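Asker: Okay, here's the structure, questions in a sec.
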Amino acid sequence: MLNTFLNHLTTPQYFWGLVFLCLAFCTTLVGGVIGIWWKDKKHITLGFTGGVLIGVVAFELLPEIFEMVTENDVDIHVPMIALVVGFFLFHIAEKLFLVHHAHEEHYEDHKHPTVGMISAIALIIHSGIDGMGIGLGFQISLSAGIAVAIAILAHDFSDGLNTVSLMTVHGNEKKRVWLFLLLDAVAPIVGGVSVLFFTASPVFLLAYLGFFAGFLLYISASDILPEAHSNHSSKLAILMTFVGVLFMYVVGVVGH
């Protein structure tokens, strides 16, 4: 296990993996700061974020899946089933546990700091899994790792924002809000470093890519884009969504 860790550290793609993990730390903090200080402007950024996630699935993850299926002679149903599982698993988890951001007007008269902390802890665990996702992406290839990392950076922005929002909505003091935001920012680094201790098989990586694609489709369509338009259904937010998709088209298609 230690030898695997040391061997991974010597490869260029894991160097870039560590760079993106540090960027995930920064992106989460930025999302949290916007949630605290610039709340009225978040719909523009969330619109762009939703577009980026959709673009990652369309122009990076699905093409990578089709290429890996051909190269490794794996049944295409493996990643496609994983995609459906990823989509519905997060849908069920959200409906059962309500860990994602809820609109503040629903909680104006019901402030429960413990609920806010539990929800934030769920997001912190989720951010750790995001970090593992970056590490697994770089086990596939440098280009796949960068694509996955870009999606996770966009999503971590939303996670930082949601961590702050959930804590604040439920009446937690500002010092505690900052502490949980910091924990959420550190979580991807911890998760990403843990992946350096093992090497995944092609079948596992394909299932992971499908699962991750299903998650991104759900989180963008069900959470991020509706939240972007919840209070500011503006043409600018819609435009930023298309800009996000176009950005990933340039990165994923023109940039290759």
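The values are calculated or read from the model by the stated rules, or taken from the named source; none is laboratory data. Quick caveat: nothing in here was measured; it's all calculated off a predicted structure. Here Cβ is always computed from backbone atoms with ideal geometry, including for glycine, and neighbour counts include all displayed protein chains.
Asker: How about the stretch 133-168: which of its residues are surrounded by fewer than 23 Cβ atoms within 10 Å (Cβ to Cβ), more than 23 Å from V33 (Cα to Cα) and β-branched (V, I, T)?
Answerer: Listed by number, the residues that qualify are I140, I146.
Asker: Right, another one. Of the numbered conditions (1) surrounded by fewer than 17 Cβ atoms within 10 Å (Cβ to Cβ); (2) in contact with a Phe, Trp or Tyr (Cβ under 7 Å, 6 or more places away or on another chain); (3) part of a helix (DSSP H, G or I), M240 fails exactly one; give the number of that condition.
Answerer: (1)
Asker: Cβ-Cβ under 9 Å, sequence separation 6+ or interchain: first residue in the stretch 232-256 and more than 19 Å from V56 (Cβ to Cβ), partner modelled with pLDDT under 80 and among the acidic types (D, E). Which pairs?
Answerer: Matching pairs, first to second residue: H232/D40.
Asker: Within the stretch 127-137, does at least one residue satisfy the condition of being of a type outside the set (S, T, N, Q), closer than 29 Å to W16 by Cβ, in contact (Cβ under 8 Å) with a residue 24 or more places away in the chain and touching a His at 6+ places or on another chain (Cβ under 7 Å)?
Answerer: Checking the stretch 127-137: at least one residue is of a type outside the set (S, T, N, Q), closer than 29 Å to W16 by Cβ, in contact (Cβ under 8 Å) with a residue 24 or more places away in the chain and touching a His at 6+ places or on another chain (Cβ under 7 Å).
A quick yes/no check of all residues on (1) surrounded by fewer than 21 Cβ atoms within 10 Å (Cβ to Cβ); (2) not in a helix (DSSP H, G or I):
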| site | (1), (2) |
| --- | --- |
| K175 | yes, no |
| L181 | no, no |
| A185 | no, no |
| P188 | no, no |
| S194 | yes, no |
| T199 | yes, yes |
| L206 | no, no |
| G210 | no, no |
| F215 | no, no |
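Asker: If I118 meets every condition in (1) modelled with pLDDT under 85; (2) within 15 Å of the chain's Cα centre (by Cα) apart from one, which number is that one?
Answerer: Answer for I118: the failing condition is (2).
Asker: Of everything in the stretch 28-54 that's closer than 18 Å to M167 by Cβ and modelled with pLDDT of 80 or more, which residue is surrounded by the fewest Cβ atoms within 10 Å (Cβ to Cβ)?
Answerer: That would be V33.
Asker: L182 versus (1) over 22 Å from F20 (Cβ atoms); (2) under 17 Å from the mean Cα position of the chain (by Cα): which is the lone unmet condition?
Answerer: Unmet condition: (1).
Asker: Of the conditions (1) of a type outside the set (V, I, T); (2) surrounded by 15 or more Cβ atoms within 10 Å (Cβ to Cβ); (3) assigned to a helix (DSSP H, G or I), P226 fails just one. Which one is it?
Answerer: Only one criterion is unmet by P226, namely (2).
Asker: Filtering the stretch 1-11 down to residues that are assigned to a helix (DSSP H, G or I) and closer than 26 Å to G210 by Cβ, which residue is modelled with the highest pLDDT?
Answerer: Selected residue: T4.
Asker: Here's a follow-up. Tell me whether the stretch 123-131 contains one or more residues that are part of a helix (DSSP H, G or I), over 18 Å from P188 (Cβ atoms) and modelled with pLDDT of 75 or more.
Answerer: no
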